[in-house]
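Since the structure comes first, as structure tokens, the remarks are kept for the end.
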Amino acid sequence: MKLRLPYLLLLPAVLYLVFFIGYPLVQALYLAFTQNGHFTLDNVRRTIGDPYFWQALKYTIALAVVIIPIQLFLALILAVVMNRTFKGKDLALYALIIPLTISDVAGGLIWYTMLTDAGFLNKLLLNLGLITQPIHFFGYEYRNMEFLAIVIEELWRATAIVFVIILAGLQMISKEYLEAAEVFGADYWTRMRKIVIPLLKPSIQSALIIRTLFAMQVFGVVWILAGRDIPVLAGEGFYQLTFIKDYGVASIYALTIAALSILLGAMYVKFLKAEYLEVRT
Amino acid sequence: MVEVRLEKITKKFGDFTAVNELTLTIKDGEFLVLLGPSGCGKTTTLRMISGLETPTSGKIWFGDRDVTYLPPKDRNISMVFQSYAVWPHMTVYDNIAFPLKIKKYPKEEIDKRVKWAAELLQIEELLDRYPAQLSGGQRQRVAVARAIVVEPDVLLMDEPLSNLDAKLRVMMRAEIKKLQEKLKVTTIYVTHDQVEAMTMGDRIAVMNKGQLLQVGPPVEVYSKPNSIFVATFIGAPEMNLMDVTVKETDKGIALEGEGFEILLPEDLGEFLKNYVNKTVVFGIRPEHMTVEGISEVLHVKRKAKIKGTVDFVEALGTDTIIHAKVGGKIIKIKIPGHVPIGLGRPVDIIIDLDNIHVFDKSTEKAII
Amino acid sequence: MNDKTRFMLKKLLLYSFLFTVVVWIVLPIIVSILYAFSSKLDYYDPQKVIPTHYTTQWVKTLLFTLGAWDGIKNSVIVAILTIIISFSLGIPAGYAIAKFIFPGKDTIKLSIIALRMFPIPVMAIPLVVLYIKLNLIDTLLGVALAHTAMALPFVVLITSSIFAGVSKELEEAAMVFGVTRLGAFFRITLPLALPGLAAAAMFTFVMSWNEVFVASILTLKNRTLPAQILSIMAGSSGGAAPPYYKFAAAFIMTLPAMIFIFFARKYLVSMWGITLK
Ligand SMILES: Nc1ncnc2c1ncn2[C@@H]1O[C@H](COP(=O)(O)OP(=O)(O)OP(=O)(O)O)[C@@H](O)[C@H]1O
Ligand SMILES: [Mg+2]
């Protein structure tokens, strides 16, 4: 009895999760690869024959590749700054984590307010005399600007999570590690390079994993700011399901995102391994 | 290799004064031990010398260079941290090699020196391991190896042997002392352990509550403590202290305590002229007394005798500590060797008058 | 340059950097709030960077004509259901991980951490088929069940760290005095863990409140707020809604989450292991 108790306590949660991942996974495979009970690759052919699929793949990855490195860079700088003590730190910290609470849909709407033709930015620049015509961010002809708008919104909204994870990691680094390096003659940059960054590796790793996996599912902000002008995987899955009602193709989008997530997650785990943590026995 | 001069350095953390107007010169090549109870400001002092902390006021000189505001990297120092600060993401080898790499030593030289230091501290087999795989004592030895691998101007050690077993500690004491004598590097060594202080230091500086109380060679600090604090902090078991009244008798000055009276020789009585009829604190170390009829007292030239009864006996093997009741108080007497003695037995206690101490009751400073 | 001026310069640099960052974060929020209440004329007046005439018209229309109010009600129901389900499943699991040592514990813990990474929202696509069969499609319970799958790994991990913070001795002391394990849990551990659990609940709330993909897929009429907003506003080309409705929508969506988090900010920070000191 005593031995079984923890398992009994865990069982409901584990079963629930297994069901909500296992069932859709099986169902997705079934929807994607069968028709009237027979195996078929029709759906796959339809999907990869659709230029939107490749566009979606391209844009999903492009967004991640542009956004995540900048976020990491910004978050590192912010975390280093916020790891000091200074007056007004609490307030600054609160401001910095506000975006944690803002959804991507709301973020998209907020930046629409900032960037639209009669929005804040254009009016400001016009009134300052810096531009004579509004900068157009939205519309199919301005797809590159839409891409930029999405990048700006994601940098604004989703850098906070990277920042918070890295700051937490930074706070766990004992001050003495840095002091020891200082005593032995290391200057500021050497300390950053040789001590701080290597010790932050586990935090950087988990921040990157979380951000990348969310980036693979990016949807709301894109849908608000660009619609299908900029197709992304989750958006196309949504579109196929709700507008075309093609369950097979929609499932392939879901499976693609799952496969990408697992692949990228595994890659991060493999290549950003923090050896000194692994060996602890 | 440089003389370190601390001029009235004070460190405040908010309202709290951790180090208070400390003035001290550590001579070129000297081995100075900083001794004091926990929280007295030893680490803080060391951190100011290293540049990790800036004094609230006062100045620090390395030779004729004012280093008070100089960052640590420009001071050419080495340090063993109290909590080791061995970097967890580097192997033992890389930890020890770090100071050499920063100073851009050539590769072969680095390798040679790391091996040398590792051998000295008996951690050669651990070079490829990460700190997480080491015991506390092993980590501490890595920290020491890392500090001695370069030749710094000043070597700072914050309780570098506190976590080693007794045997290793004795050996390491000797190794560090030998190394320091060879390299002639100015060394400041912090410890709680008075045996370490007595055996290693050229001089000992005793601190309490942020204040420097006394500096001097070990023997001097031991035999001529300038205050009650230093007297009791050094020596084990502690010095016996008793309140006594100074009396002028027809045979000279005497100390009158509860259940005893000690007549002082004239030269000692001289010091207490101004204290007649006042209360002072009388101190005598356990090793400067003996029990009549039990142990020889050959080397004692001038002595006094008081009466007591045996209350308790601690047999330590090499020594015997007799707790004797004199008046209402317990006095500890340390006698070499094993001495069988019955509890409750009345004894005559011999006091070596050349080793007595008398302190002012209010200032706690030494009179004799 | 002496030390003092260098110190002051550094300080100036630090504060101007922080000021820039804070403005970058806060300004768009303030602007979107101001614009949400801007009159139409002010909005189209190119001179008025900051509107001066305000109206509650857009927010009201959005709430009561375009269905955002119903969306809010639905969102709250879904979020509360999510909290209830995920906590009743997650608390026992978190407790087991925190307080028991048993074979396979690390594996289970690691799998739960890994599951947090799985793109559960996207897996709602195949879930639709099951929901149609079970008549769960377009129900709030259906959305809440899916949100629970998203929130559960998080709840398990957070609660386990909260329970781990309540010392075992306290519970054992109660058990020594004759309380059962269950009694000890309810009388000792739970009250001590309550503030942390409340913060975790707020987190779950915000997570559910903000989730749009699952909600959009699984509902049609009974939409949660983000799903409702998305269907009205989506797409610059297809976005038929006039811009000021979008501003109003941004305001309505952001405000509750921010208020919520304001009350939980102490935990928000400690939950990630950051201390303010
Ligand atoms: N950064 C700090 N902020 C506030 N008080 C401090 C700080 N560092 C040290 N102190 C205080 O200053 C006093 C001296 O500390 P210090 O570390 O120098 O003691 P120590 O002599 O090294 O003690 P130990 O032998 O226990 O290491 C202590 O009371 C300590 O609490
Ligand atoms: Mg110390």
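The values are calculated or read from the model by the stated rules, or taken from the named source; none is laboratory data. Keep in mind that what you see is a predicted model, and the values were worked out from it rather than measured. Here the Cβ positions follow ideal geometry from the backbone for every residue, glycine too, while neighbour counts run over all protein chains shown. Side chains included, ligands, DNA and RNA excluded: accessible areas come from the protein's heavy atoms. Shrake-Rupley method; radii C 1.70, N 1.55, O 1.52, S 1.80 Å.
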Which ones in segment C:1-37 are open to solvent by 90 Å² or more (accessible area, probe 1.4 Å) and under 30 Å from C:Thr56 (Cβ atoms)?
C:Trp24
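Given the criterion of a type in the set (A, V, I, L, M), surrounded by fewer than 24 Cβ atoms within 10 Å (Cβ to Cβ) and within 9 Å of chain C (Cβ to nearest Cβ), identify the matching residue among A:Ile224, A:Ile209, A:Ile197, A:Ile204. Lay out the reasoning, then the answer.
On the way: A:Ile224 fails: surrounded by fewer than 24 Cβ atoms within 10 Å (Cβ to Cβ); A:Ile197 fails: within 9 Å of chain C (Cβ to nearest Cβ); A:Ile204 fails: within 9 Å of chain C (Cβ to nearest Cβ).
When all the criteria are applied, what remains is A:Ile209.
Which residues, counting only those in segment B:1-53, are aromatic (Phe, Trp, Tyr) and either more than 16 Å from ligand 2 (Cβ to nearest atom) or in contact with a helix residue (DSSP H, G or I) (Cβ under 6 Å, 6 or more places away or on another chain) (or both)? Give the derivation first.
Step one: filter segment B:1-53 for residues aromatic (Phe, Trp, Tyr), giving B:13, B:16, B:31.
Across segment B:1-53, the qualifying residue is only B:Phe31.
Would you list the helices (runs of 4 or more DSSP H) that sit entirely within segment C:63-139 and hold 3 or more residues that are aromatic (Phe, Trp, Tyr)? It would help to see each step written out before you state the result.
On the way: elements: C:68-99, C:105-117, C:124-133.
Counting at least 3 such residues, we get C:68-99.
Out of B:Gly235, B:Gly283, B:Gly269, report the one residue that is assigned to a loop (DSSP other than H, G, I, E, B) and crowded, with 17+ Cβ neighbours inside 10 Å.
Working: B:Gly283 fails: assigned to a loop (DSSP other than H, G, I, E, B); B:Gly269 fails: assigned to a loop (DSSP other than H, G, I, E, B).
That would be B:Gly235, the only listed residue that is assigned to a loop (DSSP other than H, G, I, E, B) and crowded, with 17+ Cβ neighbours inside 10 Å.
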Screening B:Ile77, B:Ile96, B:Ile60 for residues that are within 9 Å of another protein chain (Cβ to nearest Cβ) and either touching a helix residue (DSSP H, G or I) at 6+ places or on another chain (Cβ under 7 Å) or under 25 Å from B:Ala205 (Cα atoms) (or both) leaves only B:Ile77
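Please go through segment B:175-209 and give me each residue that is part of a helix (DSSP H, G or I) and open to solvent by 50 Å² or more (accessible area, probe 1.4 Å), ordered by number. Full working, then the answer.
Filtering segment B:175-209 down to residues part of a helix (DSSP H, G or I) leaves B:175-183, B:194-200.
Those that are part of a helix (DSSP H, G or I) and open to solvent by 50 Å² or more (accessible area, probe 1.4 Å): B:Glu175, B:Lys178, B:Glu181, B:Lys182, B:Val195, B:Met198, B:Thr199.
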For segment A:139-184, what are the residues that are without any contact (Cβ under 8 Å) to a residue 12 or more places away in the chain, in contact with a helix residue (DSSP H, G or I) (Cβ under 6 Å, 6 or more places away or on another chain) and assigned to a helix (DSSP H, G or I)?
A:Glu182, A:Val183
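So in segment B:42-57, with the set limited to residues that are more than 14 Å from every other protein chain (Cβ to nearest Cβ) and closer than 23 Å to B:Arg173 by Cα, which one is farthest from ligand 1 (Cβ to nearest atom)?
Checking each candidate, the answer is B:Thr45.
Conditions tested, residue by residue: (1) touching an Asp or Glu at 6+ places or on another chain (Cβ under 7 Å); (2) without any contact (Cβ under 8 Å) to a residue 12 or more places away in the chain.
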position: B:Asp250; (1), (2): no, yes
position: B:Phe282; (1), (2): no, no
position: B:Glu287; (1), (2): no, no
position: B:Val300; (1), (2): yes, no
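Would you point out the residue of segment B:131-140, among those that are touching a residue at least 24 places away in the same chain (Cβ under 8 Å) and over 15 Å from A:Tyr177 (Cβ atoms), that is nearest to the other protein chains (Cβ to nearest Cβ)? So that I can check it myself, show each step before the final result.
So in segment B:131-140, the residues touching a residue at least 24 places away in the same chain (Cβ under 8 Å) come out as B:131-132, B:134, B:136-137, B:139-140.
Now narrow it down to the ones that are over 15 Å from A:Tyr177 (Cβ atoms): B:134, B:136-137, B:140.
Working: B:Leu134: 11, B:Gly136: 15, B:Gly137: 18, B:Gln140: 13 Å.
Among them, the one singled out is B:Leu134.
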Give me the residue from segment B:79-100 that is among the hydrophobic types (A, V, I, L, M, F, W, C) and over 11 Å from B:Ala143 (Cα atoms) and, out of that set, nearest to ligand 2 (Cβ to nearest atom).
B:Phe98
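Can you list the strands (runs of 3 or more DSSP E) found entirely within segment B:300-349 that contain at least 2 residues being open to solvent by 70 Å² or more (accessible area, probe 1.4 Å)?
Working: elements: B:303-315, B:319-326, B:329-336.
Correct list: B:303-315, B:329-336.
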Could you give me the residue pairs with C-beta distances under 7 Å whose first residue belongs to segment C:62-75 and is touching a residue at least 12 places away in the same chain (Cβ under 8 Å) and more than 11 Å from C:Ala227 (Cβ to Cβ), whose second residue is in a helix (DSSP H, G or I) and open to solvent by 60 Å² or more (accessible area, probe 1.4 Å) wherever it lies, and which are 6+ apart or on separate chains?
C:Leu63/C:Trp69
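Scan A:Trp156, A:Trp111, A:Trp189 and give me the residue that is facing another protein chain (nearest Cβ under 9 Å) and out of contact with any Leu (no Cβ under 8 Å at 6 or more places or on another chain). Steps first, answer last, please.
Values: A:Trp111 fails: out of contact with any Leu (no Cβ under 8 Å at 6 or more places or on another chain); A:Trp189 fails: facing another protein chain (nearest Cβ under 9 Å).
After applying the criteria, what remains is A:Trp156.
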Would you check which residues across segment A:121-148 are at the interface with chain C (Cβ under 10 Å from one of its Cβ atoms), farther than 30 Å from A:Val65 by Cβ and hydrophobic (A, V, I, L, M, F, W, C) and list them?
A:Leu124, A:Leu126, A:Leu128
Considering only segment C:186-204, I want to know if a residue exists there that is open to solvent by 20 Å² or more (accessible area, probe 1.4 Å), within 9 Å of chain A (Cβ to nearest Cβ) and either over 22 Å from C:Ala149 (Cα atoms) or at pLDDT below 90 (or both).
no
Tally up the residues in segment C:207-234 that are without any contact (Cβ under 8 Å) to a residue 60 or more places away in the chain, hydrophobic (A, V, I, L, M, F, W, C) and in a helix (DSSP H, G or I), please.
2
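Kindly check whether there is at least one residue in segment C:163-185 that is of a type in the set (Ser, Thr, Tyr), assigned by TED's automatic domain parsing to the domain that holds C:Ala257 and part of a helix (DSSP H, G or I). I'd like the intermediate steps shown before the answer.
Restricting attention to segment C:163-185, the residues satisfying the condition of being of a type in the set (Ser, Thr, Tyr) are C:167, C:180.
This time we only want the ones that are assigned by TED's automatic domain parsing to the domain that holds C:Ala257, so: C:167, C:180.
Subset that is part of a helix (DSSP H, G or I): none.
For segment C:163-185, residues of a type in the set (Ser, Thr, Tyr), assigned by TED's automatic domain parsing to the domain that holds C:Ala257 and part of a helix (DSSP H, G or I): absent.
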Any residue at all in segment B:145-163 that's more than 22 Å from B:Ile77 (Cα to Cα) and either surrounded by fewer than 21 Cβ atoms within 10 Å (Cβ to Cβ) or not β-branched (Val, Ile, Thr) (or both)?
yes
Considering segment B:64-97 alone, what residues qualify as being in a helix (DSSP H, G or I) and either open to solvent by 10 Å² or more (accessible area, probe 1.4 Å) or more than 15 Å from A:Ile195 (Cβ to Cβ) (or both)?
B:Lys73, B:Asp74, B:Val92, B:Tyr93, B:Asp94, B:Ile96
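Please count how many residues of segment B:286-299 are outside any helix (DSSP H, G or I), open to solvent by less than 70 Å² (accessible area, probe 1.4 Å) and closer than 16 Å to B:Lys332 by Cα.
Restricting attention to segment B:286-299, the residues satisfying the condition of being outside any helix (DSSP H, G or I) are B:289-299.
Then drop every residue that is not open to solvent by less than 70 Å² (accessible area, probe 1.4 Å), which leaves B:289-291, B:294-295, B:297.
Now narrow it down to the ones that are closer than 16 Å to B:Lys332 by Cα: B:289-291, B:294-295.
So the count comes out to 5.
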Could you pull out the residue among A:Ala118, A:Ala32, A:Ala79, A:Ala75 that is touching a residue at least 40 places away in the same chain (Cβ under 8 Å), over 23 Å from the mean Cα position of the chain (by Cα) and either within 13 Å of another protein chain (Cβ to nearest Cβ) or open to solvent by 20 Å² or more (accessible area, probe 1.4 Å) (or both)?
A:Ala32
Could you list, in sequence order, the residues of segment A:82-99 that are more than 7 Å from chain C (Cβ to nearest Cβ) and either among the aromatic types (Phe, Trp, Tyr) or touching a residue at least 12 places away in the same chain (Cβ under 8 Å) (or both)?
A:Met82, A:Asn83
